[in-house]
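Colleague: The structure under discussion is supplied below as structure tokens; questions concerning it will follow.
The values are calculated or read from the model by the stated rules, or taken from the named source; none is laboratory data. Small disclaimer: the values here were computed from a predicted structure and weren't measured. FYI the Cβ positions are ideal-geometry reconstructions off the backbone, even for glycines, and counts take in every protein chain you see.
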Amino acid sequence: MTLATASDAPTRWNARFAHLGDAFGTPLAPRPLPAPYWVGQNLPLARQLGLSNEWMASNDALAVFSGNRVPEGSAPMATVYSGHQFGVWAGQLGDGRALLLGEWDTPLGPQEVQLKGAGLTPYSRMGDGRAVLRSSIREYLCSEAMHALGVPTTRALCITGSDAPVRRETVETAAVVTRVAPSFIRFGHFEHFSHHDQHAELRLLADFVIEHFYPECAQVPGNPYAALLQAVSERTAVLLSHWQAVGFCHGVMNTDNMSILGLTIDYGPFQFLDAYVPGHICNHSDSAGRYAFSRQPNIAYWNLFCLGQALLPLMDDQQQALDALESYKTVYPDQLFARLGAKLGLLEVDDGDRALCEDLLRLLAQGRVDHTIFWRRLSHAVASGDREPVRDLFVDRDAADGWLARYRERIASQGAEPTGRHMLQTNPKFVLRNHLGELAIRAAQTKDFSQVAQLLSLLQSPFDEHPDVESHADFPPDWANQIEISCSS
Ligand code: AMP
Ligand code: MG
């Protein structure tokens, strides 16, 4: 089934996940929001999905994306999952405020559509089923920033808002983010059925994921579920290499926030690093630093271990699961150094380059050097030959000079390739620093949504210069340190 024409509303839906059966969730309509309004629309994505500007401007679209009208043919549901939160089994969780409307067949392929903040579900536990404007804007902007940086992620189509009060630390207002992804299945979906010894459902789910997303796993000799675990481990390794290379801190890497497709999912207290501080903790609720920046790759492996344990009933023995997880240990570092090598403008990365990368990261950490600005200045230095702006970032100039000399030699060994220009397309000028999001949020809280739109458009081309908003590429202001982002959203 496809959208009827590019200018139509999404009227024809699939419900592949819902067809898995009653055990997988609860059919449920979104709860209407009073007097909704638009906060942001990602029209480039809408067009890619086959939705016209005309329809996106219509009252019908506003009603659909605020949860006030259930689109004809959709079969909204909340899905059930469980998971480990902060290293501890948390039992049943599930879509407590996100509703799966169903699945569109789009020019980008089949895409599931979720409304996040669409009201109470059977899985809301103590929550109110809502999302506040503040956190919705952060998810909306960051999904698209990550996509433009080439990081696998769920996407965000639009935000609607309402003056309906939502109580967090203070009274805020409600919003709904519409997000899309080929699938929103999480590690926690598997953990749920495994924990309850629902092996038939576990197998159904695994077969579903293999059929639609990892068909190669059905072809390889041996156990297909071990092959699935290995494939998910490898995709997760790729994802983590992206996060670490771009300086992204997720903040809540619970197993229910891990995508089976290796996508960045559930943007909460995330942060792009300002200074390169490996131990940085971006989540104010994470007092022990479990999800500190430098711990993310190991935490991902821990989470994969939980997934492996959940899949055990479908495997022949435990060793099969352990073997399937092994690839993470090689794919992650290989991918990370390939990415760092690309950031350095290396055309090929050899074993000797690892020391160059590791020494650089040590220097950046020692000097608490701004991550994004360093890489951008380095790219300009290679393009122009002027190293001073890079040296200026370091307190220990001698150490910086030592590393820069090694680096210059390595770059020279590649011949006359136009490396600097390529680096400027690899190392972004703009990332969604906390303070930029915060300024857009403060404006939006006074009903000025223009900064949300401007930031979205800026972050959709983060490698370009944008001289009109030069200051967005500056060092963060002092008050950025005071921003406290917690799980409250
Ligand atoms: P998170 O930490 O945002 O990934 O959420 C963990 C669990 O809490 C998931 O099951 C969410 O659906 C649920 N949850 C978070 N916030 C709310 C809320 N305001 N209302 C209902 N459920 C929520
Ligand atoms: Mg979550």
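Colleague: Which residues, counting only those in the range 31-47, are more than 24 Å from the chain's Cα centre (by Cα) and in a loop (DSSP other than H, G, I, E, B)?
Modeller: Those that are more than 24 Å from the chain's Cα centre (by Cα) and in a loop (DSSP other than H, G, I, E, B): ARG31, PRO32, LEU33, PRO34, ALA35, PRO36.
Colleague: Now a separate question. Restricting to the range 48-104, and then to whatever is more than 16 Å from ligand 2 (Cβ to nearest atom) and on the phi > 0 side of the Ramachandran plot, can you tell me which residue is nearest to the chain's Cα centre (by Cα)?
Modeller: Of everything passing the filter in the range 48-104, GLY102 is nearest to the chain's Cα centre (by Cα).
Colleague: If you take the residues of the range 106-134 that are more than 15 Å from ligand 2 (Cβ to nearest atom) and in contact with a Pro (Cβ under 9 Å, 6 or more places away or on another chain), which of them is nearest to SER52 (Cα to Cα)?
Modeller: Once the filter is applied, the top-ranked residue is THR106.
Colleague: Would you check which residues across the range 243-266 are within 30 Å of GLN425 (Cβ to Cβ) and either of a type in the set (Val, Ile, Thr) or away from ligand 2 (no atom under 14 Å from the Cβ) (or both) and list them?
Modeller: Selection gives TRP243, GLN244, ALA245, VAL246, GLY247, PHE248, CYS249, LEU261, GLY262, THR264, ILE265.
Colleague: Every residue in the range 53-97 that is in a loop (DSSP other than H, G, I, E, B), hydroxyl-bearing (Ser, Thr, Tyr) and within 20 Å of ALA156 (Cβ to Cβ), please.
Modeller: As a first pass, look at the range 53-97 and keep what is in a loop (DSSP other than H, G, I, E, B): 57-58, 66-76, 80-81, 86-87, 93-97.
From what's left, hydroxyl-bearing (Ser, Thr, Tyr): 58, 66, 74, 81.
Those that are in a loop (DSSP other than H, G, I, E, B), hydroxyl-bearing (Ser, Thr, Tyr) and within 20 Å of ALA156 (Cβ to Cβ): SER58, SER66, SER74.
Yes/no matrix, rows are residues, columns are (1) touching an Asp or Glu at 6+ places or on another chain (Cβ under 7 Å); (2) outside the structural domain of GLY83 (by TED's automatic domain parsing); (3) farther than 24 Å from ALA231 by Cβ; (4) without any contact (Cβ under 8 Å) to a residue 12 or more places away in the chain:
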{"residue": "THR121", "(1), (2), (3), (4)": "yes, no, yes, no"}
{"residue": "ARG130", "(1), (2), (3), (4)": "no, no, yes, no"}
{"residue": "SER143", "(1), (2), (3), (4)": "no, no, no, no"}
{"residue": "LEU149", "(1), (2), (3), (4)": "no, no, no, no"}
{"residue": "SER162", "(1), (2), (3), (4)": "no, no, yes, no"}
{"residue": "ALA175", "(1), (2), (3), (4)": "no, no, yes, no"}
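Colleague: While we're looking at this one, here's another question. Looking only at residues in the range 107-137 that are under 15 Å from ARG155 (Cβ atoms) and in a loop (DSSP other than H, G, I, E, B), which one is farthest from ligand 1 (Cβ to nearest atom)?
Modeller: So, considering only residues that are under 15 Å from ARG155 (Cβ atoms) and in a loop (DSSP other than H, G, I, E, B), the one farthest from ligand 1 (Cβ to nearest atom) is PRO107.
Colleague: On the basis of being crowded, with 21+ Cβ neighbours inside 10 Å, outside any helix (DSSP H, G or I) and either of a type in the set (Val, Ile, Thr) or at pLDDT 95 or above (or both), does LEU432 make the cut? Even if it seems obvious, please write down each step before you answer.
Modeller: Values: crowded, with 21+ Cβ neighbours inside 10 Å: yes; outside any helix (DSSP H, G or I): yes; either of a type in the set (Val, Ile, Thr) or at pLDDT 95 or above (or both): yes.
Yes, satisfied.
Residues checked against (1) surrounded by fewer than 20 Cβ atoms within 10 Å (Cβ to Cβ); (2) polar (S, T, N, Q):
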| site | (1), (2) |
| --- | --- |
| ALA175 | no, no |
| SER183 | no, yes |
| PHE190 | no, no |
| VAL209 | no, no |
| PRO221 | yes, no |
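Colleague: In this structure, does GLN414 turn out to be polar (S, T, N, Q), more than 30 Å from ASP478 (Cβ to Cβ) and either within 31 Å of the chain's Cα centre (by Cα) or part of a loop (DSSP other than H, G, I, E, B) (or both)?
Modeller: Values: polar (S, T, N, Q): yes; more than 30 Å from ASP478 (Cβ to Cβ): yes; either within 31 Å of the chain's Cα centre (by Cα) or part of a loop (DSSP other than H, G, I, E, B) (or both): yes.
Yes; evaluated as a whole, the condition is true for this residue.
Colleague: Which one of ALA405, ALA480, ALA400 is touching a Phe, Trp or Tyr at 6+ places or on another chain (Cβ under 9 Å) and closer than 24 Å to LEU363 by Cα? Full working, then the answer.
Modeller: Numbers: ALA405 fails: touching a Phe, Trp or Tyr at 6+ places or on another chain (Cβ under 9 Å); ALA480 fails: touching a Phe, Trp or Tyr at 6+ places or on another chain (Cβ under 9 Å).
So the residue among ALA405, ALA480, ALA400 that is touching a Phe, Trp or Tyr at 6+ places or on another chain (Cβ under 9 Å) and closer than 24 Å to LEU363 by Cα is ALA400.
Colleague: Of the conditions (1) under 24 Å from ASN427 (Cα atoms); (2) assigned to a helix (DSSP H, G or I), PRO269 fails just one. Which one is it?
Modeller: (2)
Colleague: In the range 54-75, what residues are of a type in the set (A, V, I, L, M, F, W, C) and either in contact (Cβ under 8 Å) with a residue 40 or more places away in the chain or surrounded by 20 or more Cβ atoms within 10 Å (Cβ to Cβ) (or both)?
Modeller: From the range 54-75, those of a type in the set (A, V, I, L, M, F, W, C) are 55-57, 61-65, 70, 75; that's our starting set.
Within the range 54-75, TRP55, MET56, ALA61, LEU62, VAL64, PHE65, VAL70, ALA75 qualify.
Colleague: Suppose we filter the range 231-280 for residues that are of a type in the set (A, V, I, L, M, F, W, C) and away from ligand 1 (no atom under 16 Å from the Cβ); how many remain? Outline the logic, then answer.
Modeller: The first filter runs over the range 231-280 and keeps only residues of a type in the set (A, V, I, L, M, F, W, C), leaving 231-232, 237-240, 243, 245-246, 248-249, 252-253, 258, 260-261, 263, 265, 270, 272-273, 275, 277.
Okay, now just the ones that are also away from ligand 1 (no atom under 16 Å from the Cβ), so 231-232, 237-240, 243, 245-246, 248, 261, 272-273, 275, 277.
The total comes to 15.
Colleague: Hey, another quick one. In this structure, is TYR276 within 13 Å of ligand 2 (Cβ to nearest atom) and crowded, with 21+ Cβ neighbours inside 10 Å?
Modeller: Working: within 13 Å of ligand 2 (Cβ to nearest atom): no; crowded, with 21+ Cβ neighbours inside 10 Å: yes.
No.
Colleague: How many residues are within 16 Å of ligand 1 (Cβ to nearest atom) and either in contact with a Lys or Arg (Cβ under 7 Å, 6 or more places away or on another chain) or among the acidic types (Asp, Glu) (or both) when one looks only at the range 182-225?
Modeller: Here the count works out to 1.
Colleague: Determine, yes or no, whether VAL151 is out of contact with any Gly (no Cβ under 7 Å at 6 or more places or on another chain), within 28 Å of VAL246 (Cβ to Cβ) and within 16 Å of ligand 2 (Cβ to nearest atom).
Modeller: Values: out of contact with any Gly (no Cβ under 7 Å at 6 or more places or on another chain): yes; within 28 Å of VAL246 (Cβ to Cβ): yes; within 16 Å of ligand 2 (Cβ to nearest atom): no.
Spelling it out, it is not the case that VAL151 is out of contact with any Gly (no Cβ under 7 Å at 6 or more places or on another chain), within 28 Å of VAL246 (Cβ to Cβ) and within 16 Å of ligand 2 (Cβ to nearest atom).
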